[in-house]
Structures are given as structure tokens and as C-alpha cells.
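Structure record follows, encoded as C-alpha cells.
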Amino acid sequence: MLELSIEHDLGEFHLRVAFRVDDEILVLFGASGSGKTTTLQCIAGLQTPRRGFIRLNGETLFEMKEGRRHAVPAHRRRIGYVFQEYALFPHLTVAGNVAFGARRDAALDGRVRAMLKRMRLEELGDRAPHQLSGGQQQRVAIARALLTEPRALLMDEPFSALDHAVRQRLQEELVALQRELRIPVVYVTHNIEDAFAVGSRLAILHEGTLEQAGTCEEVFRRPWTANVARLLGTQNVFEGRVASVSAEGLTLAWGGARLVAPPRSAEPGRAVTFCIRPEEVKVLYPDRPLSPAVQDNVLSGRIARNDLRGGTRLLLVQVGGAGAGAPALEVRFPARAYRTLALAPGDPVRFSIRREGIHVI
């Protein structure tokens, strides 16, 4: 188990993070400059926090307490580190790169061969890094980190430069490797699809502060802050006011519109922030009766913009009654259905928002 609670300053940037990683993959997620890489470097021993502690399997790797500092050197921490840019040595072969940093003994060659086979590199041991594809180079970097038999593994956006198919394959292999090795893995990314593909849990960093941590599903569906909601791709973050509270739900006043959200305790009249995932908004066909599934929060609006995003259309809808200057509601709509309805910017549209799809922050 890896656990830490640290504070670190870099000029005007202040990092404050605390989390625990069991034998799982914890994804550190956030925008560029949020402190993700700095956190990894503190764990690895490449940077020294100003205060706090870092422990791995009960051993204290770093602690600053009452003015006294204890810090295990980076090379003695037995933590693997996989960098975004692979960091392979061009003058060494694949086998030489994998062996670099491992303990030198009579069994080293055999361990390197076994690791190359495990990482599907057994035919490439004599090649130079420049003769490999991006995916193969990343496999070499992972193999090198694992050959040292690390007690934890740190990965800094390892698959960001790879194409989709290679990235997906390596994501699957990483998840399988972690289950086999049963060590804590801290995986940094700013790509939400990447995070969900590999993560057991998700920790959201924003401007040096850990804003939320939990399972991927919990954080995605129930963000604690507007920052977390936006970082996870929810642009539908709005301000409203509690109109009434009942056992059936929380009624929100949103300009002249009314929305019913799941029940929760709140004071009528209180200002609130709420978010709506774009996939929770359903465009209604004008010639069809409303089914029970779409009878919640039926509203009207006008299409302000539409963009093609693969097999879906991203609509921006100005909501009628939401008030002048209200932000547009982002709606994801199947491209085929969009063509069937022959919608265009400026057209009126009716839609419904699932009650459970409205989350009051």
C-alpha cells in the first residue's frame, strides 16, 4: 500500500495532496500544470516535499516532522517510473535498455529474456530503440521499470503519444499486468477515456489541490465541485435556486424554467450549482407520445449550434425560460436521428432531462 500526505511549493505553485493506493491502479487526473507529474516525482524521490509523509508497505520513504527530515534516496525506494517520452538510451539495444538499472548478477540475462517474452518483445532484443514503433518503445520502458521488481509503479502519461488501437491494446495489457503483480500503480493522464480504461479509482487534481477521489463511476456521476465536473467533460454546469423540497425531489428554479432533481436536504431559496451530463438529455420526436422514461423535465429551446463528433451530434440548445444570457445546454444526439429530424441551427426543439441525470453540487 502506498499512502501520502504532502505539501510542496514550486515558486508560486502550491501542491497539497493526500491519498492512498492499495494494490490497484489509481489515476491522477487533471489539466496540464495541476501538479500530477510533481506528485509522481515526490513519490519517486526526485523532488522533496516541504512537509508531510510518504509511506510504502509500512516503510516511511519521506517524512518532515517537527523540523526533522527523513528521506530515502530515490534509488533505494524500489519504485518503477515510466516516463511519457519513454527515456530509452539510443546507444543500447532493447535488451540493454531493459537491463539498465537492474541488479547485476548471473541471472540477469535470463531475467531480461523472461521480461522481453512477457512484454511480447522476445524477437526484438537486439534492435536499437529507433527501429521500434511507439508502442514497442513503450513496452521496453515498462519492461525496464518492471525488471527492477518495484514495490510500486508510477506512470506519467505513458500512452498519450500512441494511436488509438495501440493505446487500447497497451491499456488492456497494463490492467492485466497490475492484477498479476498486485502492486500499487499511480497513473497520470489528462485523457478521460484513458483514465476510465485503466483506472480502479480516480483522483482529480486542480491547481495543486486534490478535489475529489473515488471510484471512476462515483467521481464521474457525482462530482463534488464545478471544477471536477468540467474536468470530466461536463460543460453543463449552471447556477440555480432551490424552489421547493419534497420526498419526490428537489425542484430547482433555473431562470423561468423548473427542473426536478433527486431528493436531498436543502433550504428553499438557497442558491445552488448543478450539472447535467450531456448524455442525460434526450431530444423528443415531435410526432411521438412521451414514454414514461422521458416525462421528467420536459423543456423547449432553440438550437444555437451543432457539431458532428463521430457518430454523434453535439448540440448547443438555448433553453426557453432559462433567462437571458443563460449558458447553452450541451446535448449529445445520434447523428442518424439528427438527420431523420432534419434539425438545423435556429430550429425549435423539445427535450427532456432525466431526474437522476441532474446532480446538485
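Just so you know, all these numbers are worked out from the coordinates, no wet-lab data involved. Because the structure is a prediction, the values reported are computed rather than measured. Ideal geometry is used to build each Cβ from the backbone, glycine not excepted, and the neighbour counts take in all protein chains shown.
Rg then Dmax, both in Å and based on the Cα atoms of segment 237-360: 14.6, 44. In loop segments of segment 242-323 as defined by DSSP, the GluC sites (Glu not before Pro) with at most 13 further C-beta atoms inside 10 Å of their C-beta are Glu248.
Around Pro262, what is the net charge, scoring Lys/Arg as +1 and Asp/Glu as -1 over all other residues with Cβ under 9 Å from its Cβ? Residues near Pro262 contribute +1 overall. Taken along its principal axes, the alpha carbon cloud of segment 163-310 reaches lengths of 54, 39, 28 Å, longest axis first. Residues Cys216, Cys275, ranked from the fewest to the most other C-beta atoms within 10 Å, line up as Cys216, Cys275.
Phi-derived couplings, Karplus 6.51 cos²θ - 1.76 cosθ + 1.60 at θ = phi - 60°, listed residue by residue for segment 54-60: 9, 10, 10, 6, x, 8, 7 Hz, with x used for Gly and Pro. Remark: relative contact order (the chain) = 16 percent; criterion is Cα-Cα distance under 8 angstrom and separation of 6 or more residues.
Remark: the chain carries a charge dipole of roughly 160 debye about the Cα centre, counting +1 on each Lys and Arg Cβ and -1 on each Asp and Glu Cβ.
Here the dipole of segment 214-354 is about 260 debye; that uses its Cα centre as origin and unit charges on the Cβ of Lys and Arg (positive) and Asp and Glu (negative). Here the 3J(HN,Hα) profile of segment 144-159, calculated from phi with Karplus coefficients 6.51, -1.76 and 1.60 at θ = phi - 60°, is 4, 5, 7, 5, 6, 6, x, 8, 8, 10, 10, 9, 9, 6, x, 10 Hz, Gly and Pro shown as x. If R0 is 56 Å, the Cβ-Cβ spacing of Arg288 and Glu180 corresponds to a FRET efficiency of close to 0.65. Taking other C-beta atoms within 10 Å as the exposure proxy, Tyr187, Tyr86 rank Tyr86, Tyr187 from fewest upward.
Taking 0.36 nm per residue of separation and subtracting the current Cα-Cα distance, fully stretching the chain between Lys117 and Glu172 would add 18.1 nm. Per-residue Cβ neighbour counts within 10 Å put Ile353, Ile303 in the sequence Ile303, Ile353, beginning with the fewest. Considering all alpha-carbon pairs of the chain, what whole percent are spaced by more than 37 angstrom? The calculated P(r) of the chain puts 36 percent of pairs beyond 37 Å.
Backbone phi angles across segment 115-132, fed through the Karplus curve with coefficients 6.51, -1.76 and 1.60 (θ = phi - 60°), yield HN-Hα couplings of 5, 4, 5, 4, 9, 6, 10, 4, 8, 10, x, 8, 7, 8, x, 5, 8, 9 Hz in residue order; Gly and Pro are listed as x.
Loop-located trypsin sites (Lys or Arg not before Pro) in segment 153-197 (DSSP state other than H, G, I, E, B) with a sparse environment of at most 14 neighbouring Cβ atoms within 10 Å: Arg182. The trypsin sites (Lys or Arg not before Pro) of segment 232-269 that meet both conditions, a loop assignment by DSSP and at most 13 other Cβ atoms within 10 Å of the site Cβ, are Arg264.
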